[in-house]
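Undergrad: First the structure, then my questions, so here it is.
The values are calculated or read from the model by the stated rules, or taken from the named source; none is laboratory data. Small disclaimer: the values here were computed from a predicted structure and weren't measured. Ideal geometry is used to build each Cβ from the backbone, glycine not excepted, and the neighbour counts take in all protein chains shown. SASA here: full protein model, heavy atoms, side chains in, ligands and nucleic acids out. Shrake-Rupley method; radii C 1.70, N 1.55, O 1.52, S 1.80 Å.
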Amino acid sequence: MIQRKQTLFLLVAFICYALCLFFPIATIASKVMGGDSMLYNLGVVSGDQGIVFSATCLPLFILLAVSAVLSLVAIFLYKNRKAQANLCSISVLFTILWYVDYILMALGIVGVPEVDGKVDISFAACLPLVSVILVLMARKGINDDEKLVRAADRIR
C-alpha cells in the first residue's frame, strides 16, 4: 500500500536529498584577495570566476543523486518489501560514502583545486543526515510490515 508511513519517510528523505543537491554545502574563505566561494555538490561558485564545475565535487553529486533516486524508487516498490528494504540500506550506504568524501574535502585532504582557503560547513550539509534518519525509520517500518505479514500467514 502506498499510503504507509514508510512512503512519507522516503518522500521527505528524497526532498531533503534534492534540497542538498541545490543548496551550497560549504563556504570557502579564500586565502588570497577576493570573495568567498560557495561549494555545491557539482562545483564551486566564486565571485570573480563565476560557476566552475569541479571534478573533485563530482563524486559528491553522484553519490547524493544516486541516494535520492534510490529513495524515490523505493517508494514505488511497496509490493516487494524485501527489495524496498534493500534499496533503503543501499541508499544509506551511498549517503555515508557522501559524508566520507565531504569530510575529506572539508579537512583539506581532498582539496578543491579551483580555490584555496578555509572550508566552513553550511546548513545543507546536515540534510543528508536527516535523510539517513528518515530512510532508517522507513526501513524499520518496512521490516515491521514484513514481520506482520509473516505472522498473519502463520496464523492461517
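Undergrad: Looking only at region 73-99, filter to residues that are small (Gly, Ala, Ser) and over 16 Å from the mean Cα position of the chain (by Cα); which one of those is farthest from Ala18 (Cα to Cα)?
TA: Checking each candidate, the answer is Ala83.
Undergrad: If you don't mind, another one. Being modelled with pLDDT of 85 or more and part of a loop (DSSP other than H, G, I, E, B): is that true of Leu77 here?
TA: yes
Undergrad: Report, by residue number, each residue of region 84-103 that is open to solvent by 60 Å² or more (accessible area, probe 1.4 Å) and free of Cβ contacts under 8 Å to residues at least 24 places away in the same chain.
TA: Asn86, Ile90, Leu93, Val100, Ile103
Undergrad: Looking at region 31-58, which of its residues are assigned to a loop (DSSP other than H, G, I, E, B) and modelled with pLDDT of 75 or more?
TA: Within region 31-58, Asp36, Tyr40, Asn41, Leu42, Ser54, Ala55, Thr56, Cys57 qualify.
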